[in-house]
Amino acid sequence: MHRHRALVLPGLVVAAAVVTLAAYGSTTKRDSTVTITFMEAMSSGKQKPALDLLTSRFERANPGITVNLIAEPNYGVLQQKEQASIAAGAPPTIAQAYENWAAGYADAQAIIPLDGYVHGKSGITAAEQSAFWKGVWKDLYLPDGKIWMWPFNKSDYVVYYNADMLQKAGLAMPKTWVQYATVAKQLTKNGNWAESMDTGTLSAPANGTYVYLSIVRAFGGTWVANGKPTLDTTAGIKALGYLADLKKAGALQIGTNYPGQTALGAGRSAFDLSTVAGYPYVLGAVGGKFSMKVAPMPSGRNGQGNSLQGTNIVIFSKSSTAERAAAWEYMKFLSEPRQTAYWAEATGYLPVTRAALPIMKGYIATHPYQQIAAQSLQTAGGSPPYAWWTTAVGQVAQAMQAVLDNGGDPAHALATAQQKALAAANGG
Amino acid sequence: MSLVGAATRPPRRRPGRLGIRNGRFALAYLSPALLIFLVFTIGPAFFVLYISVFDWNLLNTSMSHFVGAGNYRKLAGSSDFWKSIEESAYFVGATVAGSTIFGLGIALLLSSRGLVRRIVRLAVLTPYFTPLVATSIVWVWIFNPQFGLLDSLLRLLHISTVGWLQSTTWAMPALIVYTLWHDLGFTVIIFLAGLATVSPELREAARVDGARYWHEVRDVVLPQLTQTTLFVIVITTIGSLQAFTQIYTMTQGGPLSATTTTGYLLYEESFVFYHTGFGAAIAVVLFLVIALFTLLQLRLTRRPA
């Protein structure tokens with residue numbers, strides 16, 4: 001017992017020394033390097049190794065900065081983790097965020113505006129700014145006119161189609177929505193149909209919701225005006241009526257779990273309207289059974305009206321000045337032509353700047369759809385940057401379900417959606 | 001009366017030193033579990049009650065403000081809430097009735113011995129041990145309107161097909177069918193345990209007296225299964241009120257909120273739209289309903305058979 005006691009004191013002294021040295025070591029490290037954390041959902045397929053590689057390249061080029069990636073399995077979990085970390089007062093330094101998430105974070109003073117960095121000493125030049133796709137650049141702002149986000153993984157919608165099916169029917173890929181309806185109906189025979197779509201639900205809007213919103217814009221409608229939702233415009237009603245007509249003709253089928261991909265892959269439908277980032281998955285579903293090609297979204301009187309997809313990056317306000325500066329360097333690095341080109345080639349997302357296209361020349365020669373989709377970024381519309389948009393887009397999905405699944409009237413369904421979205425916008 | 005009571009009641013004994021020491025030891029041994037329970041269950045439950053009287057800003061709590069009973073008043077006037085109550089009643093009513101009737105029926109069929117019955121018993125019980133998310137996804141594909149097994153069978157029989165999970169009429173029955181498929185094994189096991197306690201002498205006596213099988217079940221077996229049946233009803237009611245995973249995976253509350261039960265509405269308001277205070281008020285109401293059923297269950301299980 002006494003022997004044990006005799007060992008306790010030296011043991012405590014050694015332990016204290018170890019703790020002191022460890023603390024000294026970490027302080028020294030902290031003085032010379034800045035560690036930032038990036039909460040992201042690029043954890044599947046080719047996305048994870050691509051982001052890992054870009055991050056290690058950045059760290060090599062910036063020896064004073066360490067980037068810790070916090071990978072989440074999907075956007076739903078990402079949002080919940082971000083919200084929980086903000087609520088707990090321990091957010092990461094930066095994170096991926098959709099426009100409406102960013103709006104909520106800004107309202108709660110959880111993120112910082114980036115104008116000071118974008119136009120600051122370590123900012124970007126006017127030439128670099130003008131090289132960003134117009135749609136991508138516009139998407140960085142919140143309604144207060146400040147830049148709150150920086151672009152990262154962007155995509156938009158394209159049409160994947162069964163070229164063999166169209167050729168067999170002697171039809172060309174339609175360029176307008178009017179042509180699309182005609183072709184879709186002509187292809188609906190012998191147990192085949194034109195397109196399958198997931199309308200989404202109130203709590204989980206899906207691809208179909210954004211395809212419909214794209215058609216609304218193409219028909220000359222808006223989603224938001226003067227900070228308020230505009231879901232029941234004439235163009236909106238016309239667009240929903242257009243889809244209802246396709247459904248009635250059997251050309252449009254409704255399903256869940258990426259039904260467009262499944263039906264196209266099974267050789268039962270001619271088209272799948274989906275994001276360009278889904279290319280590897282659609283290709284996998286087709287599995288070489290037929291010639292699958294990619295075309296731009298059809299146009300309406302207001303052009304293509306594409307919906308911008310993917311997220312931006314935000315900096316959280318809890319971070320220190322040094323962390324913010326390091327985070328900005330990292331975000332800027334990811335958006336630079338060389339990195340965004342690599343990211344696009346590795347993952348199927350789109351380069352956020354036109355300046356990346358010359359670097360991607362060889363890749364585009366074999367993947368022409370990348371240029372088609374990238375050019376659509378010029379006009380693609382991002383999700384309105386309002387926290388209430390989550391409710392509004394859910395209401396759009398509800399209206400689609402009412403009309404396409406349950407035979408409701410488009411005008412009535414959209415009026416209901418508008419009423420509820422407006423209540424949410426007014427803080428109800 | 002009091003004398004009789006005093007004579008029959010055992011004398012009250014004051015705890016001795018050993019008893020007090022044992023009690024302290026018991027408390028010491030239980031304290032880690034109690035602490036975990038307190039921190040992760042009781043504490044958050046009271047915090048939910050606290051949040052429910054605020055317009056709670058999850059992202060910046062300093063921007064939250066006290067609204068008193070405001071969230072509860074809003075709840076009382078919310079058509080979404082009352083619709084969710086209706087959907088919950090539909091879901092709970094159907095799953096409880098289905099579980100009880102089919103569970104009892106299957107248990108009666110499987111109560112006798114035999115290899116085939118043992119295999120069937122295992123088959124009925126197996127779904128209960130399968131993960132809800134994985135099997136829900138399998139059923140989403142069974143219900144798929146274009147490529148699903150169910151609609152393919154209907155097409156073979158030249159019967160018109162239905163978008164099971166897309167239709168406001170059929171989505172809830174589809175969810176109920178899945179839930180019964182998954183949970184029936186549990187109620188069958190409970191009923192089988194109950195049947196094992198039924199007096200074989202009484203059944204035999206009934207048979208000797210010329211009772212047919214149905215009369216034997218109705219007049220001898222069912223009265224002896226009253227406690228078991230009440231237990232099954234209460235426990236499946238509580239389980240159905242808490243159902244979430246299959247709704248989240250199969251329908252996400254849709255179409256047109258046709259499968260938005262109160263439990264799912266709570267998730268939607270709290271974690272999709274981040275109306276945290278309002279969501280907390282729903283949680284409190286749901287807690288009270290479930291607590292009521294739990295008390296009922298406790299009372300029933302304490303009652304002598």
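The values are calculated or read from the model by the stated rules, or taken from the named source; none is laboratory data. Predicted model only: the values in this text are computed from it and were never measured. A quick note on method: Cβ atoms are made from the backbone with ideal geometry, for glycine too, and the neighbour counts reach across all protein chains shown.
Suppose the filter is touching a residue at least 24 places away in the same chain (Cβ under 8 Å), in a helix (DSSP H, G or I) and closer than 30 Å to B:THR249 by Cβ; does A:THR256 pass it? No. For first residues located in segment B:41-66 and within 10 Å of another protein chain (Cβ to nearest Cβ), partners that are part of a loop (DSSP other than H, G, I, E, B) and among the aliphatic types (A, V, I, L, M) and lie 6+ apart or on another chain with Cβ distances below 6 Å form the pairs B:ASP55/B:VAL67; B:LEU59/A:ALA108; B:LEU59/A:ALA110; B:ASN60/A:ALA108.
Does B:GLY279 satisfy the condition of being on the phi < 0 side of the Ramachandran plot, part of a loop (DSSP other than H, G, I, E, B), surrounded by 22 or more Cβ atoms within 10 Å (Cβ to Cβ) and not β-branched (Val, Ile, Thr)?
Answer is no for this residue.
In segment A:145-164, of all residues being at pLDDT 95 or above and of a type in the set (D, E, K, R), the one that is nearest to A:THR275 (Cα to Cα) corresponds to A:ASP164.
Taken together, the residues in segment B:199-236 that are touching a helix residue (DSSP H, G or I) at 6+ places or on another chain (Cβ under 6 Å), at pLDDT below 90 and hydroxyl-bearing (Ser, Thr, Tyr) amount to 0.
Take the residues in segment A:83-110 that are among the hydrophobic types (A, V, I, L, M, F, W, C) and in a loop (DSSP other than H, G, I, E, B); name whichever of them is surrounded by the fewest Cβ atoms within 10 Å (Cβ to Cβ).
Going residue by residue through segment A:83-110, those that are among the hydrophobic types (A, V, I, L, M, F, W, C) are A:84, A:86-88, A:90, A:94-95, A:97, A:101-103, A:106, A:108, A:110.
From what is left, the residues that are in a loop (DSSP other than H, G, I, E, B) are A:88, A:90, A:108, A:110.
Working: A:ALA88: 8, A:ALA90: 11, A:ALA108: 20, A:ALA110: 21.
Result: A:ALA88.
Within segment A:242-253, restricting attention to residues that are assigned to a loop (DSSP other than H, G, I, E, B) and surrounded by fewer than 23 Cβ atoms within 10 Å (Cβ to Cβ), which residue is farthest from the other protein chains (Cβ to nearest Cβ)?
The selected residue is A:ALA249.
Taking (1) crowded, with 21+ Cβ neighbours inside 10 Å; (2) more than 14 Å from chain B (Cβ to nearest Cβ) in turn, A:GLY362 satisfies each apart from (1). Of all the numbered requirements in (1) over 30 Å from B:LEU165 (Cα atoms); (2) in the same structural domain as A:ALA411 (by TED's automatic domain parsing); (3) under 24 Å from the mean Cα position of the chain (by Cα); (4) surrounded by fewer than 23 Cβ atoms within 10 Å (Cβ to Cβ), A:SER317 misses one, and that requirement is (2). Within segment A:65-81, being outside any strand (DSSP E or B) and out of contact with any helix residue (DSSP H, G or I) (no Cβ under 7 Å at 6 or more places or on another chain) holds for A:PRO73, A:ASN74, A:TYR75, A:GLY76, A:VAL77, A:LEU78, A:LYS81. Of all residues in segment A:259-274, those satisfying the criterion of being assigned to a strand (DSSP E or B) and either of a type in the set (A, V, I, L, M) or surrounded by fewer than 24 Cβ atoms within 10 Å (Cβ to Cβ) (or both) are A:ALA270, A:LEU273.
A:PRO113 passes every criterion in (1) part of a loop (DSSP other than H, G, I, E, B); (2) over 21 Å from the mean Cα position of the chain (by Cα); (3) more than 10 Å from every other protein chain (Cβ to nearest Cβ) apart from (2).
Here is a yes/no grid of residues against (1) crowded, with 19+ Cβ neighbours inside 10 Å; (2) of a type in the set (Gly, Ala, Ser); (3) away from chain B (no Cβ under 14 Å); (4) within 16 Å of A:ILE237 (Cα to Cα):
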position: A:ALA344; (1), (2), (3), (4): yes, yes, yes, no
position: A:ALA373; (1), (2), (3), (4): yes, yes, yes, no
position: A:LEU377; (1), (2), (3), (4): yes, no, yes, no
position: A:GLY382; (1), (2), (3), (4): yes, yes, yes, no
position: A:THR390; (1), (2), (3), (4): yes, no, no, no
position: A:VAL393; (1), (2), (3), (4): yes, no, no, yes
position: A:PRO410; (1), (2), (3), (4): yes, no, yes, yes
position: A:GLN419; (1), (2), (3), (4): no, no, no, yes
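Of the candidates A:TYR180, A:TYR281, the single residue that is under 22 Å from the mean Cα position of the chain (by Cα) and either more than 14 Å from chain B (Cβ to nearest Cβ) or without any contact (Cβ under 8 Å) to a residue 40 or more places away in the chain (or both) is A:TYR281.
Selection within segment A:205-229: residues that are in a loop (DSSP other than H, G, I, E, B), surrounded by 19 or more Cβ atoms within 10 Å (Cβ to Cβ) and not aromatic (Phe, Trp, Tyr). The member of this set that is farthest from the chain's Cα centre (by Cα) is A:GLY221. Just one of the numbered conditions (1) within 14 Å of chain B (Cβ to nearest Cβ); (2) over 24 Å from the mean Cα position of the chain (by Cα); (3) on the phi > 0 side of the Ramachandran plot is not true of A:ASN190: (1).
Among the residues of segment B:110-127, what is the count of those that are of a type in the set (Ser, Thr, Tyr) and free of Cβ contacts under 8 Å to residues at least 60 places away in the same chain?
Going through segment B:110-127 one residue at a time, the tally reaches 2.
When A:ASN257 is tested against (1) under 30 Å from B:GLY263 (Cβ atoms); (2) modelled with pLDDT of 95 or more, only condition (2) is not met. Scanning segment B:170-212 for residues that are within 14 Å of chain A (Cβ to nearest Cβ) and free of Cβ contacts under 8 Å to residues at least 40 places away in the same chain gives a single hit, B:TRP170. When the residues of segment B:78-99 are narrowed to those that are surrounded by fewer than 18 Cβ atoms within 10 Å (Cβ to Cβ) and of a type in the set (Ser, Thr, Tyr), which ends up farthest from B:GLU269 (Cα to Cα)? Applying the filter and picking the extreme gives B:TYR90. Looking at segment A:155-194 only, could you name the residues that are crowded, with 22+ Cβ neighbours inside 10 Å, touching a Ser or Thr at 6+ places or on another chain (Cβ under 8 Å) and farther than 18 Å from A:GLY300 by Cβ? Within segment A:155-194, A:SER155, A:TYR160, A:ASN162, A:TRP193 meet the criteria. Quick one: which residue in A:THR55, A:THR37 is of a type in the set (S, T, N, Q) and part of a helix (DSSP H, G or I)? Just a single option satisfies the conditions, and that option is A:THR55. Filter segment B:121-133 down to residues that are away from chain A (no Cβ under 14 Å) and at pLDDT 90 or above and give me whichever is farthest from B:ILE85 (Cα to Cα). Checked segment B:121-133; the qualifying residue farthest from B:ILE85 (Cα to Cα) is B:THR126.
Of all residues in segment A:398-408, those that are at the interface with another protein chain (Cβ under 8 Å from one of its Cβ atoms) and in a helix (DSSP H, G or I) total 4.
I'm checking my understanding of the structure. Among residues of segment B:136-151 that are buried (at least 18 other Cβ atoms within 10 Å of the Cβ) and within 12 Å of B:THR249 (Cα to Cα), which one is nearest to the other protein chains (Cβ to nearest Cβ)? Looking at the filtered set, the residue picked out is B:VAL140. For segment A:335-354, the count of residues that are modelled with pLDDT of 95 or more, farther than 18 Å from A:THR275 by Cα, among the charged types (D, E, K, R) and not assigned by TED's automatic domain parsing to the domain that holds A:LEU114 is zero. Quick one: in segment A:200-241, of everything that is within 14 Å of chain B (Cβ to nearest Cβ) and modelled with pLDDT of 95 or more, which residue is farthest from A:ALA266 (Cα to Cα)? If we take residues in segment A:200-241 being within 14 Å of chain B (Cβ to nearest Cβ) and modelled with pLDDT of 95 or more, then A:THR209 is farthest from A:ALA266 (Cα to Cα).
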